[in-house]
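The values are calculated or read from the model by the stated rules, or taken from the named source; none is laboratory data. Source: prediction; values computed, not measured. Note: ideal-geometry Cβ built from the backbone for every residue, glycine included; neighbour counts use all protein chains shown. What goes into the accessible areas is simple: the full protein's heavy atoms, side chains included, and nothing from ligands, DNA or RNA. Shrake-Rupley method; radii C 1.70, N 1.55, O 1.52, S 1.80 Å.
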Amino acid sequence: MPQTSAAEMVRVTGRAALEAGNDTLVRRRALEDALYQASLAGGAEVDGFSLADQGVLAGEAVLLRPSSRILDFAVLREQKASSHYEVTIEAYVGTQPDLGCSVRPDVVLTAVRPQVYASAKTPLWMKDALLLAHEEMLAVLSGAAKIKITQSDISMRAVRAQPSVKVQSNFDYQTLLTGGATASQAGPTKLPENTRALELKWVADGMSMRARSVNVTLDARIIDAAAPSRGRTVSVTHKLKISPDTPWRALNVVSRKDQQGAAAELSEKMGAGVVPLLEQFACAPLVAPLQAAGKDRFRVELGARDGLTRQSLAFVEGRGQMWSVLRVVELAQSSAIVKPMNTARAGQNLLGASVRFNAGRP
């Protein structure tokens, strides 16, 4: 759930010296000056330290950093004076809340073809039970907050080498057992652009054919080809009890009496372990490292599908950076190009620094 935070409204005016033929740059500098003053109005952290040269005191330095965030702002007035440009804004400042789920679009996950393995030490119906559990599992995961799941026949498995000699269908091993020819195995299909996938891998194994329980492991993986660093994985294990080794067990195996109950139990238990992963993924803070994208331009693996707009602002975090504001200059579905609003004020080592986004409406 979004966290609440105490915020206050402030009205400030930023100024920047005029430069001939560069009104746009001057306006941005004035706007950042106003944003900086608004942040300081919510409190500041002051750090002092001494500068020494070979043990000799050379000077004193004071670092002033805002301790609050701009939660939202609006431009009230802009005007050009004789020697400077003024921008007056009204802003809400306070501690940064987790705006996450409430204002962001739902995350759409494409459930690709599952990987299902059942060893020979499990009941004959175990693989079918895992397939049934997978279908029920998707229904459970669809109930996760801010998550929408669509099913697809896309396979993420590697291509298996096909035999060089073609075997006639009437001599195919699968044909001899079931009366149907083995379908040729399709290779992996590339995910559509900007698609985020959910892959589930089910593995069932037992101690022996006479064992009264089967260990089932589920590996859930969120794949984001457009932003690999934002992928997530989780592994869940459950011990599934099966019928005791009695004369009735053989009948249960043949009739598959335990299959439905096993699928229901697995989907319930495994779902409880995977749902938190999906909800955390949907509500993860909009934080990303800056990647080089040209002079004074940086790329982030966040985009419109994550809730960014052309009005979103990014604030530098960590690495001892000065207070710097970056704005979105290009926006795609899964990425954005940002640029410091005032390159003169921006820190010298922005590359690799983390930035956090929140939405403003100028």
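I need a count of the residues in segment 256-297 that are over 26 Å from I223 (Cα atoms) and either open to solvent by 60 Å² or more (accessible area, probe 1.4 Å) or not hydrophobic (A, V, I, L, M, F, W, C) (or both).
Within segment 256-297, residues that are over 26 Å from I223 (Cα atoms) and either open to solvent by 60 Å² or more (accessible area, probe 1.4 Å) or not hydrophobic (A, V, I, L, M, F, W, C) (or both) number 11.
List every residue pair whose Cβ atoms lie under 8 Å apart, where the two residues are 6 or more positions apart in sequence or sit on different chains, the first residue falls within segment 279-296 and is under 11 Å from E317 (Cβ atoms), and the second residue, located anywhere, is part of a loop (DSSP other than H, G, I, E, B) and open to solvent by 50 Å² or more (accessible area, probe 1.4 Å).
P285/D98; L290/L351
In segment 331-346, which residue that is open to solvent by 50 Å² or more (accessible area, probe 1.4 Å) and farther than 16 Å from A288 by Cα is modelled with the lowest pLDDT?
My answer is R345.
Counting just the residues of segment 136-154 that are within 22 Å of K241 (Cβ to Cβ) and not β-branched (V, I, T), which one comes out most open to solvent (accessible area, probe 1.4 Å)?
E136
If you check L131 against the conditions, is it among the hydrophobic types (A, V, I, L, M, F, W, C), modelled with pLDDT of 75 or more and under 30 Å from R230 (Cα atoms)?
yes
One residue is enough: does segment 80-93 have a residue meeting the conditions at pLDDT 80 or above and closer than 30 Å to L218 by Cα?
As a first pass, look at segment 80-93 and keep what is at pLDDT 80 or above: 80-90.
Still in the list and also closer than 30 Å to L218 by Cα: none.
Scanning segment 80-93, I find no residue that is at pLDDT 80 or above and closer than 30 Å to L218 by Cα, so the answer is no.
Out of the residues in segment 228-243 that are modelled with pLDDT under 90 and in a strand (DSSP E or B), state the one that is most open to solvent (accessible area, probe 1.4 Å).
Step one: of segment 228-243, the residues modelled with pLDDT under 90 are 228-231, 240-243.
Checking which are in a strand (DSSP E or B) leaves us with 240-241.
Values: L240: 1, K241: 167 Å².
Ranking the candidates gives K241 first.
Before we move on, is L351 at pLDDT below 90, touching a strand residue (DSSP E or B) at 6+ places or on another chain (Cβ under 9 Å) and open to solvent by 10 Å² or more (accessible area, probe 1.4 Å)?
Criteria met by L351.
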